[in-house]
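For reference, the structure discussed in these notes is given below.
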Amino acid sequence: MFNFFRSKDAENLVIIDFMKARKVAFLMSMTFILVSIFSFFINKLNFGVDFTGGMLFDITVDSNKNISDLRKNFLNNGFEDFSIQSYGDKGFIIRVSEKDARKYSNKDLTDNEYLQVLKGVLGSFFENKLEYNRVDFVGPQIGRELIVKGALALALALLTMMIYIWVRFEFEFGIGAILTLFHDTIVIFGIYSIFKIEFDLTSIAAILTIIGYSINDSVVIYDRIREYIPKYKNKSLSDIINISLNTTLRRTLLTSSTTLLSLVILALFGGESIKNFSAIVFLGILIGTYSSIYISAPVLIYIGVNRKGLKK
């Protein structure tokens, strides 16, 4: 797939011909985007308690009862809209929608009283041999407000990054950056939808982290391309992009590997509440690195670059 050649102008580096695979990469990216959009409309997002409203319990128990027994207990008590995850040997994360809590209690109770109803169900099942590590309650109105504010935060982040790239670089580079941001965002949403990963407030933070990382990679590559265009006047834009990618490759690999290593450690030892965040950011960095090479850079070949009109 790749050709290798020597270039004295590029400090005698062995150049990997990334651009030769750009058509295959574009097809892969289009496939990822279409699958993500299809899944988003079919499966939608698995909104967590932060957005839907309800109760979350993170408990550790001193009991031999397993997740199947606990799920049957909830069903037998009339609950329908709930989810249970186990972690470690004795840990459970339980999410119950506010609608289910109201239905079960069949009374007009206060938030604190709803909470006590659920604690009563859990305490009875585990014979009060449990410890509450985390208890959260979010009303439906607050959940709707968080959805709006989360969407606004993502939209503003994308918009400001687009404006920065447009001002900092030329029009052609701005188009590449915009396509990269949309590619990364759509694919990440697709991962959440396809694998039904719970989408909560930490998911917003994860997506903002990913698009920031991705655009940073693109800026580094764009800076090198603009530096090399006047330096290698007789080379094609494809060759210049290959040289630019190869001269920034070491920096990209070192940065990505150290960040990915940190995320693996977080996923393994950071606890259940941060595991999804670490996993998504891990995948997002891989996607962002890929898109910096195969979305940001190749776009310049297709739309062209005005070599004489480059900003100083």
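The values are calculated or read from the model by the stated rules, or taken from the named source; none is laboratory data. Model, not experiment: these values are computed from the prediction. Neighbour counts run over all protein chains shown; Cβ positions are idealised from the backbone, glycine included.
Take the residues in region 119-149 that are touching a helix residue (DSSP H, G or I) at 6+ places or on another chain (Cβ under 8 Å), modelled with pLDDT of 80 or more and surrounded by 17 or more Cβ atoms within 10 Å (Cβ to Cβ), then tell me which one is nearest to Lys65 (Cα to Cα).
So, considering only residues that are touching a helix residue (DSSP H, G or I) at 6+ places or on another chain (Cβ under 8 Å), modelled with pLDDT of 80 or more and surrounded by 17 or more Cβ atoms within 10 Å (Cβ to Cβ), the one nearest to Lys65 (Cα to Cα) is Phe125.
For region 235-274, name all the residues that are in contact (Cβ under 8 Å) with a residue 12 or more places away in the chain, under 17 Å from Thr202 (Cβ atoms) and either of a type in the set (Gly, Ala, Ser) or in contact with a helix residue (DSSP H, G or I) (Cβ under 7 Å, 6 or more places away or on another chain) (or both).
Hits for region 235-274 are Leu263, Leu266, Ala267, Ser273, Ile274.
Of the residues that sit in region 11-58 and are closer than 30 Å to Gly91 by Cβ and among the acidic types (Asp, Glu), which one is surrounded by the most Cβ atoms within 10 Å (Cβ to Cβ)?
Step one: list which residues in region 11-58 are closer than 30 Å to Gly91 by Cβ, which gives 39, 43-58.
Still in the running and among the acidic types (Asp, Glu): 50, 58.
Working: Asp50: 22, Asp58: 20.
Top of the filtered list is Asp50.
So, restricting to helices (runs of 4 or more DSSP H) that lie completely within region 212-312, which ones have at least 2 residues that are at pLDDT below 90 and farther than 15 Å from Thr180 by Cα? Quick ask: steps written out before the conclusion?
Values: elements: 237-269, 272-291, 297-303.
Correct list: 237-269, 272-291.
For Lys196, which of the numbered conditions (1) assigned by TED's automatic domain parsing to the domain that holds Leu286; (2) in contact with a helix residue (DSSP H, G or I) (Cβ under 9 Å, 6 or more places away or on another chain); (3) part of a helix (DSSP H, G or I) fails to hold?
Of the numbered conditions (1) assigned by TED's automatic domain parsing to the domain that holds Leu286; (2) in contact with a helix residue (DSSP H, G or I) (Cβ under 9 Å, 6 or more places away or on another chain); (3) part of a helix (DSSP H, G or I), the odd one out for Lys196 is (3).
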